[in-house]
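Undergrad: Would you mind keeping the following structure in view while I ask a few things?
The values are calculated or read from the model by the stated rules, or taken from the named source; none is laboratory data. Owing to the predicted nature of the structure, the values given are computational and were not obtained by experimental measurement. Glycine gets a Cβ as well: all are built from the backbone with ideal geometry, and neighbour counts include every protein chain shown.
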Amino acid sequence: MPGTTPLSIERETFPEMVRDGVLYAFATDDYWIDAGRPDTYVRSNIELLSRKSIYKVTPIDVSAKVDATAVITQSAIGANCVVGENAQIVRSVLMNGAKVDANAVVIDSAVMGHVGAFAQVTSCLIGAQGEVNSGAVLKDAKVPDPAC
């Protein structure tokens, strides 16, 4: 497999393995999802948190600082995150160190960086260097945009 070009496992690697007779299967009840896109990454985290599991999952890390007025629904909050007053986090994942300021709304998103006060973020990926300005309204965005 080439190491410097994009590769499609399902369109390139698997067909080659079938052709070469080296692809095998194993039936299991374990959980698996192709989480290569932000929406499937968020969905997989939410699904794992919402089901009974053998794993000890802590949806809100003990080191996170979540204001008592914040509303967290079907979400995972990582270590050292900060969630401000009246913020809403819905079906989202805040990675370690993420910050969501007061009155911000984060829905169906993965946040590694910072979401400013009164911002609304829906179906977004906010990278570690990502900064969403206060009052911004974003949908289906990547911050910073990889095209920049």
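Undergrad: Within segment 11-28, identify whether any single residue is at pLDDT 80 or above, among the polar types (S, T, N, Q) and surrounded by 10 or more Cβ atoms within 10 Å (Cβ to Cβ), and answer yes or no.
TA: Yes; the residues of segment 11-28 include at least one that is at pLDDT 80 or above, among the polar types (S, T, N, Q) and surrounded by 10 or more Cβ atoms within 10 Å (Cβ to Cβ).
Undergrad: Please enumerate the residues belonging to segment 130-144 that are more than 15 Å from the chain's Cα centre (by Cα) and either closer than 18 Å to V42 by Cβ or surrounded by 19 or more Cβ atoms within 10 Å (Cβ to Cβ) (or both).
TA: The answer is V132, L138.
Undergrad: Among the residues of segment 103-129, which ones are surrounded by fewer than 18 Cβ atoms within 10 Å (Cβ to Cβ), at pLDDT 95 or above and under 15 Å from the mean Cα position of the chain (by Cα)?
TA: Passing the criteria: only T122.
Undergrad: Right, next: For residues that are of a type in the set (A, V, I, L, M, F, W, C) and within 14 Å of the chain's Cα centre (by Cα), scanning just segment 82-100, find the one that is farthest from A128 (Cα to Cα). Before you say what the answer is, go through the steps one by one.
TA: As a first pass, look at segment 82-100 and keep what is of a type in the set (A, V, I, L, M, F, W, C): 82-83, 87, 89-90, 93-95, 98, 100.
Within this subset, residues satisfying the condition of being within 14 Å of the chain's Cα centre (by Cα) are 89-90, 93-95, 98.
Values: I89: 18, V90: 20, V93: 13, L94: 11, M95: 9, A98: 8 Å.
This residue is V90.
Undergrad: Among all residue pairs at least 6 apart or on different chains, which show Cβ distances below 6 Å where the first residue, located in segment 81-103, is basic (K, R) and the second is in a strand (DSSP E or B)?
TA: K99/V82; K99/H114
Undergrad: In addition: Answer with yes or no whether Q74 is in contact with a helix residue (DSSP H, G or I) (Cβ under 7 Å, 6 or more places away or on another chain) and either under 22 Å from T40 (Cα atoms) or free of Cβ contacts under 8 Å to residues at least 12 places away in the same chain (or both). It would help to see each step written out before you state the result.
TA: Working: in contact with a helix residue (DSSP H, G or I) (Cβ under 7 Å, 6 or more places away or on another chain): yes; either under 22 Å from T40 (Cα atoms) or free of Cβ contacts under 8 Å to residues at least 12 places away in the same chain (or both): yes.
Here the answer is yes, as Q74 does meet what is asked.
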